[in-house]
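To start, the structure itself, in structure tokens.
Taken together, the values in this text are just the output of simple stated rules run on the coordinates, not laboratory data. Quick caveat: nothing in here was measured; it's all calculated off a predicted structure. Please note: Cβ atoms are built from the backbone with ideal geometry, for glycine as well, and neighbour counts cover all protein chains shown.
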Amino acid sequence: MNNKIEKACRALKLIFKRPYLLNLVLESEDVYKQKVSENYGLEDGLPLLHLETLFPGFQETVSPYAYLSGATMPIDIALLKSLARRQNARSYFEIGTWRGESVANVAAVVPDCVTLNLSREEIVALTGDETYADAHARFSKSLHNVTHLQGNSQTFDFTPHLRRYDMVFIDGDHHSEAVKKDTQTAFRLLRDEKSVIVWHDYGYDPETIRWSVLNAIWEGTPGAKRQYLYQVANTMCAVYIPESFQTGKLTPHATPKHYYEVSLRSVDL
């Protein structure tokens, strides 16, 4: 017990000397897990929706895909592409472009795509890495049906884009408050009652929930629409689809009931 008291005292002294450390405590995943479990009854996360429930006989081709660091998993991009086709989406808005793999895939099935990202100058200022900045939009910048916008989603003027999109994908700043604001924005961008939203990095991996992101999604979603929030099995994504589905709950390390077949082919740029 004395050891615990000593540790607590040392921690309080550090926080007193360096107040910013308190933010690390308040933003820890355990704190968010306790919050969403106790306040929102989400101890297992969102209801688990299987890809096969959304897409009977699920089958999708993902191209382009670079298999480089920071990329969305192929199955997450397959979800985007299949969902766009399922919803017969004619318009798509994306927050967070990175190499442009996700929007390039969606652009194969959606005629009007828009993606928003920080400008090259902002990226260089933040990272000091021009090579990293130049990698953005590599796969989407030449596509005729993809519009590239520059700006920070936390301050960007979305007025011209309100109520225009059948599908919105959020993959920008993953801090909780940023995700919450992007979520609020996304609902304002939706065209009608059939429009859908996808959030990336709802999980650290398909079996590990990112509780800070879940908290942000829940708090950013209008109360009446929360019943249509789901986590998608085998992906790192959550979705808003205004339909009712048969669902389960996430059970980490459970024995798989199915697997996916993957074919790879190299294509020169």
(request) Using Cα pairs closer than 8 Å and at least 6 residues apart in sequence, work out the relative contact order for the chain, in percent. (result) 21
(message) To make sure I understand, if each residue's beta carbon is the centre and we count other beta carbons within 10 Å, what order do SER63, SER153 fall in, fewest to most?
(response) SER63, SER153
(request) Could you calculate the FRET efficiency of ALA71 with LEU162 from 1/(1 + (r/R0)^6), where r is the beta carbon distance between them and R0 is 35 Å, rounded to 0.05? (result) 0.70
(message) How would segment 14-171 be classified by its alpha-carbon gyration tensor: rounded, prolate or oblate, with rounded meaning a/c under 1.5 and the a/b versus b/c comparison settling the rest?
(response) oblate
(request) Take the chain, connect every pair of alpha-carbon atoms lying under 10 Å apart with a spring to form a Gaussian network, then pick out the residue of THR127, THR61, THR221 with the largest mean-square fluctuation. (result) THR127
(message) Please compute the modelled spin-label separation between THR127 and ALA108, points set 7 Å along Cα→Cβ, answer in nm with one decimal.
(response) 2.5
(message) What is the distance in Å between the Cα centroid of segment 62-104 and that of segment 192-253?
(response) 17
(request) Filter the cross-link list LYS81/LYS194; LYS35/LYS81; LYS35/LYS225; LYS33/LYS81; LYS33/LYS181; LYS180/LYS225 down to pairs whose alpha-carbon distance in this structure exceeds 23 Å. (result) LYS35/LYS81; LYS33/LYS81
(request) Could you tell me which chymotrypsin sites (Phe, Trp or Tyr not before Pro) in segment 65-173 are loop residues by DSSP with no more than 10 other beta carbons within 10 angstrom of their beta carbon? (result) TYR67
(message) At 7 Å along Cα-to-Cβ for each site, give me the label-to-label distance between GLU38 and PHE55 in nm.
(response) 4.0
(message) Under 13 Å between alpha carbons, and skipping anything fewer than 8 positions from LYS141 in its own chain: which aspartates and glutamates qualify?
(response) GLU101
(request) Please find, in a Gaussian network model of the chain (springs between Cα atoms separated by less than 10 Å), the residue of MET167, MET73, MET236 whose mean-square fluctuation is greatest. (result) MET73
(message) Within a 10 angstrom radius of the beta carbon, how do ASP173, ASP166, ASP76 rank from fewest other beta carbons to most?
(response) ASP173, ASP166, ASP76
(request) Report the full-extension gain for the segment SER63 to ARG191: residue separation times 0.36 nm, less the Cα-Cα distance, to one decimal in nm. (result) 43.3 nm
(request) Show that you can apply the helix-only estimate: for the chain, add -39,500 (n - 2.57) for every DSSP H stretch of four or more residues, divide by all residues, and state [θ] at 222 nm to the nearest 500. (result) -10500 deg cm²/dmol
